[in-house]
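Where a number appears in this text, it was derived from the coordinates with a stated rule and is not lab data. Model, not experiment: these values are computed from the prediction. So basically every Cβ, Gly included, is an ideal-geometry build from the backbone, and we count neighbours across all protein chains shown.
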Amino acid sequence: MATSMCRAWVSRNIKVFSRGISFSARRHLLSEAYSCQDAWQKRLQSPILSNVSLNEFAVQLRDRFEKQKRASVIDVDILVNKMHEMDVSDADYMEDLIHRFRNSEDAVPVKDSIVHAIVRAYIDLGLTDRLLDMMRNRRDYGIFPDSYATNILMDHFIKGDNYADAARVSYEVMLQEDFSHPISFRLSLLAAVKHLLTSNMADLALQPTPDNPEEEEDWVKVKVIRYPYYDDHFDIKDERFLLGKTLYMLGGCVQNNDRLSSSLKVMGLGLYQKFDKGLHLLEEIANTNKKDAIHEEALKIFDESIKNAETRDPNLEEKDFGLRTIDDEVFKLRLTPDGKEEVTQRFEEIAHKLRRNNQTMEDSMLPVVESLAVSELPTYEAADMTAQRAMLERWEKERSELVEAQMKQYMKQQREEEIKQQLKELQEKEELLRYFELRDQIILAKSRAPEIKPPIVDDDETLREKRIKRRKYRHHI
């Protein structure tokens, strides 16, 4: 009920601002010039990239991985910078190469030029859903976009009214704990708030995996049973928690607007199910007695989060140590029924105090967020575009240097192989020549050498007969 009322109120405000901020939010996000497409396309004029056939190069790279289990950074850099030419059906093949490279020793540290090229190629090919999957699978692919690629990707989603995927990009920024870039911060803020206010909170919850009684369990013998540790950050699977932690972190980055900052933090802590921390923050706001200190929407979303929070049975028997997983650790963090009732009662008391003291504001936060996210973007674009062009030029220079270094290394190895072959041939010739020179001396030395006879070793029977003969001879004398 609270959600429907909240969204109805927000929708009315969106209509009111449809001729103003909401309309401009779609038209005046990042400009077309922000991506520096001319400078990005210019890199293809380099002989390093223009003379490469993507399909042939990919096959050669696959063979190298099969034989040597590795490939150089420059080879993969060339591959991903040509990926915009690939057929969509070849995505699995290319992703396999990226996966192999990620698991090789040459992939550390991750090179920004490689990730940036992958992001742009997948946007151009319309494979952003696969890109998001790769970004979430950090261990296998290592896709950590730089700020410019992140901004281009989020802007692409927001302009298409795809706030859900734009918010998922903001989760990745949150996991890196870096909202320092002003454009990344503003686009993340707009995407996260829009996604929250246009989604059903129940749809964001992690759906439990249905048990299959016919499925056989696989038991694996291990030397040590490791305790499942939940880090409450990279291990988060529930989108409510990801969105909540993102909003809470964004609220801490908001400046010169305490109301919006507090509202984002309260909503975030509610979705994140950190109710004790959220209630403590609400108490601090209530004690300030400041008018219009928090948006009413934030209280409604916090209330809805409490009502939708799953509970656990405190008397439920724990699983055996060897059968526990991270999901079991997350389950322990749930409220008990009594704890949920206590949290609900505390919230109602604080909310009543805030409303009684006129500390809540009925106006929606969405226009404020849109204004903050959109109005100042043009002031940051010029500096970003200059930095992007310098970055692309630096990558082009580094690519040329790496190719030159690899060619020198290849020529050095080829020369070493040639020298080894020449030395082997010289050694064989020298042995042949020396043999004919010393052949006569070798034959003469063999003919003059005295014949060495092996010593005669008597057996026990022979020795016994000799002793008997000696005794007979002495007795005869």
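Summary table below
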| read-out | value |
| --- | --- |
| Dipole magnitude of the stretch 113-259, debye to nearest 20 (Cβ charges: Lys/Arg +1, Asp/Glu -1, about Cα centre) | 600 |
| Amide H contacts of Met361 (H built 1.01 Å from N, under 5 Å, at least 5 apart or other chain) | Ile294, His295, Glu296 |
| Distance between the stretch 92-138 and the stretch 324-396 - C-alpha centres, whole angstrom | 29 |
| Gain on full stretching of the segment that runs from Gln37 to Asp328 - 0.36 nm per residue minus C-alpha separation | 100.0 nm |
| Which of Ser371, Ser72, Ser89 has the fewest Cβ neighbours within 10 Å, and the rest in rising order | Ser89, Ser371, Ser72 |
| Local net charge near Asp313, Cβ-Cβ under 12 Å (Lys/Arg +1, Asp/Glu -1) | -1 |
| Placed amide H near Leu335: partners under 5 Å, 5+ positions off or other chain | Arg312 |
| Net dipole in debye of the stretch 200-335 [+1 Lys, Arg Cβ; -1 Asp, Glu Cβ; about Cα centre; nearest 20] | 820 |
| Farthest toward positive dipole pole in the stretch 309-376 [+1 Lys/Arg, -1 Asp/Glu at C-beta], among Leu372, Thr360, Phe321 | Thr360 |
